[in-house]
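Data first, discussion second: the structure below is written as structure tokens.
The values are calculated or read from the model by the stated rules, or taken from the named source; none is laboratory data. Just so it is clear, the model here is predicted, and its values are computed rather than measured. Cβ: placed from backbone, ideal geometry, glycine included. Neighbour counts: every protein chain shown. Quick note on the areas: whole protein, heavy atoms, side chains included, nothing else; ligands and nucleic acids left out. Shrake-Rupley method; radii C 1.70, N 1.55, O 1.52, S 1.80 Å.
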Amino acid sequence: MQRRHFLKLTAALSAAGALPLWSRSLMAATRPLLPIPSILQPDARGQYTLTAMTGSSQWNGKAVPTWGYNGGLLGPALRLQRKKAVTVNIHNQLPEATTLHWHGLEIPGDVDGGPQGIIAPGATRQVSFTPDQPAATCWFHPHLHGKTGYQVAQGLAGLVLLEDEASGKLRLPMQWGEDDVPLIFQDKQLNKAGTQIDYQLDIMRAAVGWFGDMMLTNGVQYPQHAVPRGWLRLRLLNGCNARSLHIATSDQRPLYVIGSDGGLLAEPVKVESLPLLPGERFEVLVDTSDGKAFDVVTLPVTQMGMTLAPFDQPLPLVNILPLRVLASGTLPDKLVDLPPIPATEGLQSRWLQLMMDPQLDQQGMQALMDRYGDKAMGEMKMDHGNMDMSHSAKPMDHGDMAMDHGSHGKTAAYDFHNGNKINGQAFNMTKPMFNVELGKLEKWTISGEGDHMLHPFHIHGTQFRILSENGKPPAPHRAGWKDMVSVNGWRSEVLVRFNYVANADNAYMAHCHLLEHEDTGMMLGFSVS
Ligand code: C2O
Ligand code: CU
Ligand code: CU
């Protein structure tokens, strides 16, 4: 597949009269080619099939058992059209139960694939839905409660490319894998021998998340990718369990952001660098017309003592090699019409207070420092200026939220599995926390006040607009359709609406997308009727 893609481009290159050897010498023989997820084709009945299966991947010359959809790692991309019905048959060939959630799609609760949509090992589940929302890059991944982090870390994730009339008219780069290139970024931790993914959900990870020291782009380390010259479209997905990324180019060429989680922006937004939260997507255009090679990199991010090597300096994610072939896509001045933000007075409002048991906080931080010592401590100092490890949630000035502090005694027997909470409650699959009226706008405030952590917060069943993010108006490229919002020691407000029903048995989820926080309780279910 990859070889074929490369050969196609080099063939085009020769046809254009360039020297065939010119590109070959540019392509480093030792660097892997960027794998491009295939576009999944429907069968004769027009149905799609996704099979969650075990397999293996090669890293550092060793075979490592991994999981994927229709293959050993990650999965194919589904290209869907707005208002066109789709049916997907999901087979589970894994040794354990799973679910398949459509992250970013506005579809009814019973096909959303949240924690209740369990597919037993060996079983098949058929889901049908008709997406009706603006063109966007979304994704699918498992959502089995308590095991989402593990199953995603094993390799289960794939893309959804939703298209509509407006996006089709824009002359954006559209040649999949050539000038329209998906980049799925994930970090992984292998065992010492390099033969197993070393996933742990322990007290340290429940507190800060699972981080790895191996950075992958579409499943391989620092690949190279040949592209035509002109406008290159990159569809960026942070598929990490917990790690925030900060995307830039090695030669400071700007990124023109054209789309966020749930759709295209009103107009391109030029940025020098682009923070990317776990679960978030952005589409960017990059000008490659100068024909010069460059890297897409991730800059160091200060996040809970995890700015450890190799993440302490700009880390290359993929090497982009422009060929002489000319690309045909353009960067339009205007993209789509975004509806203005309506007045928010009088809307139903809700307050979601993210919180962590003080025991989990203290013991998790202690474990972090035991493991990373001075390095983590240095980061901690940078993070909050002091080493006060007893930062239990501050008193709040907004009503009488039930604060479930539990016992403050430090005991080895503390069970962290429900140590993360929203409004004092760890996730309860049997009881939605509230019901939302179908089709009505609501204002939700998600607060991480009294906390020192980054929570990438996600809501199912909707694409929302950010009213404020950590006390500030959203950055221009974060002001369009979103399903993720940053909650970082402060509060963020979003304007949500749900256009489909979700009953209590198939409730929608709202949760922290730091998967270890999600798996240990920082999630709530809500119904829509
Ligand atoms: Cu990407 Cu509820 O998940
Ligand atoms: Cu989701
Ligand atoms: Cu969190």
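Annotations for the structure displayed:
- Condition met for Pro121 (more than 16 Å from ligand 3 (Cβ to nearest atom), more than 18 Å from Gly262 (Cα to Cα), in contact (Cβ under 8 Å) with a residue 12 or more places away in the chain and crowded, with 24+ Cβ neighbours inside 10 Å): no
- Flag if Lys482 is open to solvent by 10 Å² or more (accessible area, probe 1.4 Å) and either within 12 Å of ligand 3 (Cβ to nearest atom) or more than 23 Å from Thr98 (Cβ to Cβ) (or both): no
- Residue check for Leu467: more than 14 Å from ligand 1 (Cβ to nearest atom) and within 18 Å of the chain's Cα centre (by Cα): no
- Any hit, the range 426-438, residues being within 16 Å of ligand 3 (Cβ to nearest atom) and either in contact with a helix residue (DSSP H, G or I) (Cβ under 6 Å, 6 or more places away or on another chain) or farther than 19 Å from Gln353 by Cβ (or both): yes
- Just one of the listed residues (Gly419, Gly424, Gly450, Gly439) is crowded, with 23+ Cβ neighbours inside 10 Å and outside the structural domain of Trp210 (by TED's automatic domain parsing), and it is Gly419.
- Residue match in the range 513-520 (condition: of a type outside the set (Asp, Glu), within 16 Å of ligand 2 (Cβ to nearest atom), surrounded by fewer than 24 Cβ atoms within 10 Å (Cβ to Cβ) and assigned by TED's automatic domain parsing to the domain that holds Gln359): no
- Number of positions in the range 445-484 that are within 22 Å of Cys240 (Cβ to Cβ), charged (D, E, K, R) and modelled with pLDDT of 95 or more: 4
- Only a single item in (1) assigned to a loop (DSSP other than H, G, I, E, B); (2) at pLDDT 50 or above is not met by Met401, and it is number (2).
- Residue satisfying all of: in the range 484-518; of a type in the set (Phe, Trp, Tyr) and either more than 15 Å from ligand 1 (Cβ to nearest atom) or not in a loop (DSSP other than H, G, I, E, B) (or both); farthest from the chain's Cα centre (by Cα) among these: Tyr500
- Residue count for the range 61-104, restricted to those that are in contact with a helix residue (DSSP H, G or I) (Cβ under 9 Å, 6 or more places away or on another chain) and within 12 Å of ligand 2 (Cβ to nearest atom): 3
- Pro254 passes every criterion in (1) in contact (Cβ under 8 Å) with a residue 40 or more places away in the chain; (2) of a type outside the set (Asp, Glu); (3) in contact with a strand residue (DSSP E or B) (Cβ under 7 Å, 6 or more places away or on another chain) apart from (1).
- Taken over the range 95-129, the criterion of being part of a loop (DSSP other than H, G, I, E, B) and either over 26 Å from Thr66 (Cβ atoms) or away from ligand 1 (no atom under 16 Å from the Cβ) (or both) is satisfied by Pro95, Glu96, Ala97, Glu106, Ile107, Pro108, Gln116, Ala120, Pro121, Gly122, Ala123.
- Residue in the range 79-93 that is over 19 Å from Arg45 (Cβ atoms), within 16 Å of ligand 1 (Cβ to nearest atom), crowded, with 23+ Cβ neighbours inside 10 Å and not basic (Lys, Arg) present: no
- Strands (runs of 3 or more DSSP E) (entirely within the range 201-258) containing at least 2 residues that are within 16 Å of Gly279 (Cα to Cα) and not small (Gly, Ala, Ser): 214-217, 231-238, 245-249
Table: residues versus (1) assigned to a loop (DSSP other than H, G, I, E, B); (2) surrounded by fewer than 19 Cβ atoms within 10 Å (Cβ to Cβ); (3) hydrophobic (A, V, I, L, M, F, W, C).
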| position | (1), (2), (3) |
| --- | --- |
| Val301 | yes, yes, yes |
| Met304 | yes, no, yes |
| Asn319 | no, no, no |
| Pro340 | yes, yes, no |
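- Test: Ile107 is open to solvent by 10 Å² or more (accessible area, probe 1.4 Å), of a type outside the set (Lys, Arg) and closer than 21 Å to Phe526 by Cα: no
- Checking His145, His91, His141 one by one, the residue that is modelled with pLDDT of 95 or more and within 16 Å of ligand 3 (Cβ to nearest atom) is His145 and no other.
- Among the residues of the range 177-197, those that are of a type outside the set (A, V, I, L, M) and surrounded by fewer than 19 Cβ atoms within 10 Å (Cβ to Cβ) comprise Gln189, Asn191, Lys192, Gly194, Thr195, Gln196.
- Criterion violated by Gly194 - all others in (1) of a type outside the set (S, T, N, Q); (2) on the phi > 0 side of the Ramachandran plot; (3) within 16 Å of ligand 2 (Cβ to nearest atom) satisfied: (3)
- Any chance Asp295 is outside any strand (DSSP E or B), more than 16 Å from ligand 3 (Cβ to nearest atom) and not hydrophobic (A, V, I, L, M, F, W, C): no
- Screening the range 432-470 for residues that are assigned to a loop (DSSP other than H, G, I, E, B) and charged (D, E, K, R) and picking the one that is farthest from ligand 2 (Cβ to nearest atom) gives Glu449.
- The listed residues are Pro473, Pro456, and the only one of them that is away from ligand 3 (no atom under 16 Å from the Cβ) and either open to solvent by less than 10 Å² (accessible area, probe 1.4 Å) or closer than 22 Å to Leu264 by Cβ (or both) turns out to be Pro473.
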